[in-house]
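Participant: Could you have a look at this structure, given as structure tokens, before my questions?
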Amino acid sequence: MGQGPSLPGPPGTKFRVIGAGMSRTGTKTLNEALTILLDGPVHDSGIQSLGGPVDQMKAWLDIMELAPKARSFSDQKKLDWLISDVLDGYVATMDCPAATLTPEIMRVYPDAIVIATTRDQAAWWKSMNYLNSLMGTWYLPLVVLWLHKTQVYGMWRERFHQIMLWRYNQEKIEEDTLRRHEEHLRQVVPPEKLFFYEVSQGWEPLCRILNLPIPDRPFPHNNSKGDAAQTFRDHITAGLLSWIFMLMVLSMVIWFVRNWIDQTIS
């Protein structure tokens, strides 16, 4: 939440960073910082898979469906192709579901480093639980029913649950998910390629990781609690407007049908 989808750069753009931080650890801030430092677009998998171009939304649904069951050589090659295709033109990836598929993305981009944003677990869970309370409201699926891109949310959620069960033995993000995720990263990522980073530290440690000079501009800050709430309100507003439109169309259809019936009878 709090940021729009990004378009890919030219084909063959060098992919350099797997952003492996769990949601609500500063991923949107790191997204903006890497866009500046690496001078290219960052692929936020949460945004792109739920609100990006239709082909990217479909690609992520296919990736999420295939990843937990890609055991054969052909399935793994198909998964590699899907990942390379959806990330072509980007300098980095960010957020979930990509963060939960770090080993699979490493297989496609073995030269990339892994940067996992992190934060105090209690503070993380407070923020994550707030987001869950917004996205888990009973009326949200009904309100956004007629919004085209949000219609994939049900499929997305089901497939993300399957990834969570496969990877962490949890159906959804829970209070200890951040710990489980970071333990998993330590198990699957070579130590020399794994970097944990807190966005509150600003430019200096991030630039040291990337071996780049500190830019002469303020460090970005994105996706605060207020940003998430505003995006939720925007979805509700758009959903209500779509319902008004659909009811107007339905009313017109009923009016025309009744007129036609009256004329036929008379």
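Participant: Based on this model, can you work out whether G21 counts as touching a strand residue (DSSP E or B) at 6+ places or on another chain (Cβ under 8 Å), assigned to a loop (DSSP other than H, G, I, E, B) and either of a type in the set (G, A, S) or within 18 Å of C96 (Cβ to Cβ) (or both)?
Facilitator: Yes.
Participant: Select from segment 181-238 the residues that are in contact with a Gly (Cβ under 7 Å, 6 or more places away or on another chain), in a loop (DSSP other than H, G, I, E, B) and at pLDDT below 95 and list them in ascending order.
Facilitator: N222, N223
Participant: If you don't mind, another one. Quick check: is even one residue across segment 145-161 under 30 Å from D111 (Cα atoms), at pLDDT 95 or above and of a type in the set (A, V, I, L, M, F, W, C)?
Facilitator: Scanning segment 145-161 turns up no residue that is under 30 Å from D111 (Cα atoms), at pLDDT 95 or above and of a type in the set (A, V, I, L, M, F, W, C).
Participant: Go through segment 82-114 and give me each residue that's part of a helix (DSSP H, G or I), among the hydrophobic types (A, V, I, L, M, F, W, C), touching a helix residue (DSSP H, G or I) at 6+ places or on another chain (Cβ under 7 Å) and within 14 Å of M64 (Cα to Cα).
Facilitator: L82, I83, V86, A98, L101, I105
Participant: Next up: I need the full set of residues from segment 70-88 which are crowded, with 18+ Cβ neighbours inside 10 Å and either of a type in the set (D, E, K, R) or within 29 Å of R208 (Cβ to Cβ) (or both), in order please.
Facilitator: Matches in segment 70-88: I83, L87.
Participant: On to the next question. Which pairs do you get when a residue that is among the β-branched types (V, I, T), found in segment 59-74, comes within reach of a residue that is part of a loop (DSSP other than H, G, I, E, B), reach meaning Cβ atoms under 9 angstrom, with the pair 6+ apart or on two chains?
Facilitator: So the pair list comes out as I63/P97.
Participant: Do the conditions hold for D39, that is, is it of a type in the set (D, E, K, R), in contact with a Leu (Cβ under 8 Å, 6 or more places away or on another chain) and either farther than 22 Å from G154 by Cα or surrounded by fewer than 22 Cβ atoms within 10 Å (Cβ to Cβ) (or both)?
Facilitator: So D39 fails the test.
The values are calculated or read from the model by the stated rules, or taken from the named source; none is laboratory data. Everything numeric in this text was worked out from a predicted model, so none of it was measured. FYI the Cβ positions are ideal-geometry reconstructions off the backbone, even for glycines, and counts take in every protein chain you see.
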